[in-house]
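Here is the structure we will look at, set down as structure tokens.
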Amino acid sequence: MLKKISDQDKVCVDIHEGFYYNRTLSLPTVIQEYEKVESILIDLQYMACITVQIEQLSKVEYLYGSNSYNYLLLQLTDILKDIKRKEFRGRDIFVVDLYDADTFVIFLSAPRDDRTQLVYHLEAISERIRRGLEKAVFDLLYPYLKEFVRPNIGYALEIQNPMVSNMRLIRQLVRNSKKMGEFIAAKRDYLSRYGLQKIIIEQDIRTVFQAIVDFNTLEVIGYEALSRGPENSEFASPTLMFLMASECGLSFELDRLCRRRALERVRTMCTDKKIFVNTLSMTIHDPEFRGLYLKELLEDLEIKPENVVFEISEKLAIDNYDLFRDAMRDYTDVGIVHAGDDMGTGYSDLERIMELTPGYMKVDISFVKDVHKSYLKQEIVKAMVNLGKSIGSHVIVEGVETKEEYEKLKEIGVPFGQGYLFDVPSRELSPVNLDWC
């Protein structure tokens, strides 16, 4: 027998305001905007939406805490609001997903013109969002995750069905849009991998050079050979190119190509300056670039081995120093010197210096930027200079951009450096810019 519920028997349930509105992002959830969304579905007899999801963003919270996570989420929200303001109609409904706080939904309102069908424009709209957001997402998250992070931009349609509740249809619409975003992101990843393989096969790599300068005389002692992908492509940025190679398992193939192209380019330069060539630690073991093969290659390219310096990057750790020393002997036997690159950014730096005593130590830009303002940075660089002197290794600082940085580093005793203050990377071996002096 059913019991009638009186007013005093009713249970009051307090619903947290976060179900309706995200105060941190100043955005409503779909619950608050549900009536507006449903009215579009009823009026149009179908519904379209765009979803923007940054899946890797949750990693930031686990690694760095909720403050860093909320900071990045707020930055991305502001960027999306700006895109929404420029690219969408004022009646389009912009909300944050209730359960996935790093997912945003834009429900598209009815077109102004009855002849316009949203179905023909969803892909183009999502592509405009991707172009406006992808670089910003990478720039924001790379310092935290060191990954090639892409947003998932999805889109979907749902047709009104009188047999199914509107709420279910709207939830299904958002879910399908998220799945489409995952599919498109996966497709782009595969296309990027294919594009990188194509670059390697076609050897479509450009080599540019940046001067390394004696701090006392401001004369060029050598040039670092830097690799660039095809212009006007996603791989024009070396950071993106090598990051994608690492994630696709193509680091070895790309690195050996860049190294060979750099040396081939040097052949046309007719210079006796030292050429610093970047290489990963694992590619030192390349059997086609050691011993007799290497000697014959340098002879064919008319390059003096003593003018070649291999910069061993810290991007991949050296797991076995005995094997590495054995491999390096093939290079040192012909006169090639090796340099430790990115010094100061890896946990194994001191161990690497102790085990390998590199001929050069390149200090990372993070210790150089605004060094004149930081006593701690000055002491760290000074310690590395003193260490270099004691083991016979020359210190080169990277990323010198201002006169103040140069003057402080020279005062500390740094012998060599490179950066935009002296020279921007170029196809030719440029002289040092002295306009700042």
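The values are calculated or read from the model by the stated rules, or taken from the named source; none is laboratory data. Since we're looking at a predicted model, the values are computed, not measured. Backbone-built Cβ (ideal geometry, glycine too); neighbour counts: all protein chains shown. We work out accessible area using only protein heavy atoms, side chains counted, and drop any ligands, DNA or RNA first. Shrake-Rupley method; radii C 1.70, N 1.55, O 1.52, S 1.80 Å.
Quick one: which of PHE183, PHE215 is aromatic (Phe, Trp, Tyr) and either open to solvent by less than 40 Å² (accessible area, probe 1.4 Å) or within 30 Å of ALA339 (Cα to Cα) (or both)? It would help to see each step written out before you state the result.
Working: PHE183 fails: either open to solvent by less than 40 Å² (accessible area, probe 1.4 Å) or within 30 Å of ALA339 (Cα to Cα) (or both).
Exactly one residue qualifies, and that residue is PHE215.
Quick check on region 83-99: of everything there that is exposed (fewer than 13 other Cβ atoms within 10 Å of the Cβ) and not small (Gly, Ala, Ser), which residue is farthest from LEU140 (Cα to Cα)?
Kept after step one, since they are exposed (fewer than 13 other Cβ atoms within 10 Å of the Cβ), are these residues of region 83-99: 85-86, 89-91, 99.
When the remaining residues are screened for being not small (Gly, Ala, Ser), the result is 85-86, 89, 91, 99.
Numbers: ARG85: 21, LYS86: 21, ARG89: 27, ARG91: 29, TYR99: 23 Å.
Taking the candidates together, the pick is ARG91.
Here are some conditions: (1) in contact (Cβ under 8 Å) with a residue 24 or more places away in the chain; (2) in contact with a helix residue (DSSP H, G or I) (Cβ under 9 Å, 6 or more places away or on another chain); (3) within 23 Å of PHE19 (Cβ to Cβ); (4) part of a helix (DSSP H, G or I). THR77 meets all but one. Which one does it not meet?
Failed condition: (2).
Looking at (1) in contact with a strand residue (DSSP E or B) (Cβ under 7 Å, 6 or more places away or on another chain); (2) modelled with pLDDT under 95, which is the only condition LEU173 fails?
(2)
Could you say which residue among GLU231, GLU264 is at pLDDT below 95 and farther than 26 Å from GLU288 by Cα?
On the way: GLU264 fails: farther than 26 Å from GLU288 by Cα.
Being at pLDDT below 95 and farther than 26 Å from GLU288 by Cα holds for just one of GLU231, GLU264, which is GLU231.
Condition first: closer than 16 Å to GLU202 by Cβ and of a type in the set (Ser, Thr, Tyr). Now tell me which residues in region 224-272 satisfy that.
Scanning region 224-272 gives SER227, SER233.
Please verify whether ASP78 is closer than 15 Å to GLN53 by Cα, open to solvent by 50 Å² or more (accessible area, probe 1.4 Å) and either modelled with pLDDT under 85 or touching a Ser or Thr at 6+ places or on another chain (Cβ under 6 Å) (or both), treating the condition exactly as stated. Quick ask: steps written out before the conclusion?
Working: closer than 15 Å to GLN53 by Cα: yes; open to solvent by 50 Å² or more (accessible area, probe 1.4 Å): yes; either modelled with pLDDT under 85 or touching a Ser or Thr at 6+ places or on another chain (Cβ under 6 Å) (or both): no.
In short, no.
Looking at (1) open to solvent by 30 Å² or more (accessible area, probe 1.4 Å); (2) acidic (Asp, Glu); (3) out of contact with any Lys or Arg (no Cβ under 9 Å at 6 or more places or on another chain); (4) under 24 Å from VAL149 (Cα atoms), find the lone condition where GLU35 falls short.
Only one criterion in (1) open to solvent by 30 Å² or more (accessible area, probe 1.4 Å); (2) acidic (Asp, Glu); (3) out of contact with any Lys or Arg (no Cβ under 9 Å at 6 or more places or on another chain); (4) under 24 Å from VAL149 (Cα atoms) is unmet by GLU35, namely (4).
Please state which one of LEU157, LEU173, LEU169 is in contact (Cβ under 8 Å) with a residue 12 or more places away in the chain, part of a strand (DSSP E or B), among the aliphatic types (A, V, I, L, M) and closer than 24 Å to ASP43 by Cβ. Before you say what the answer is, go through the steps one by one.
Details: LEU173 fails: part of a strand (DSSP E or B); LEU169 fails: part of a strand (DSSP E or B).
Result of the check over LEU157, LEU173, LEU169: LEU157.
Looking at ARG325, is it within 30 Å of LYS135 (Cβ to Cβ), in a helix (DSSP H, G or I) and either modelled with pLDDT of 90 or more or of a type outside the set (A, V, I, L, M) (or both)? Write out each step before concluding.
Details: within 30 Å of LYS135 (Cβ to Cβ): no; in a helix (DSSP H, G or I): yes; either modelled with pLDDT of 90 or more or of a type outside the set (A, V, I, L, M) (or both): yes.
No: the conditions fail for ARG325.
When residues of region 43-69 are filtered for being among the charged types (D, E, K, R), part of a helix (DSSP H, G or I), in contact (Cβ under 8 Å) with a residue 60 or more places away in the chain and surrounded by 15 or more Cβ atoms within 10 Å (Cβ to Cβ), how many remain? Walk me through it before giving the result.
Pass one, region 43-69, residues among the charged types (D, E, K, R): 43, 55, 59, 61.
With the extra rule that they be part of a helix (DSSP H, G or I), the set shrinks to 43, 59, 61.
Imposing the further condition that a residue be in contact (Cβ under 8 Å) with a residue 60 or more places away in the chain reduces the set to 43, 59.
Among the residues that remain, those that are also surrounded by 15 or more Cβ atoms within 10 Å (Cβ to Cβ) are: 59.
Within region 43-69, residues that are among the charged types (D, E, K, R), part of a helix (DSSP H, G or I), in contact (Cβ under 8 Å) with a residue 60 or more places away in the chain and surrounded by 15 or more Cβ atoms within 10 Å (Cβ to Cβ) number 1.
Regarding LEU41, is this residue modelled with pLDDT under 90 and of a type in the set (A, V, I, L, M)? Please lay out each step first, then the result.
Values: modelled with pLDDT under 90: no; of a type in the set (A, V, I, L, M): yes.
Against the criterion (modelled with pLDDT under 90 and of a type in the set (A, V, I, L, M)), LEU41 does not qualify.
What pairs can you find where one residue is in region 370-394 and without any contact (Cβ under 8 Å) to a residue 12 or more places away in the chain, the other is surrounded by 11 or more Cβ atoms within 10 Å (Cβ to Cβ) and among the aromatic types (Phe, Trp, Tyr), and their Cβ atoms are less than 7 Å apart, with a gap of 6+ or different chains?
Once the first residue is without any contact (Cβ under 8 Å) to a residue 12 or more places away in the chain and sits in region 370-394, its partners that are surrounded by 11 or more Cβ atoms within 10 Å (Cβ to Cβ) and among the aromatic types (Phe, Trp, Tyr) give LYS377/PHE367.
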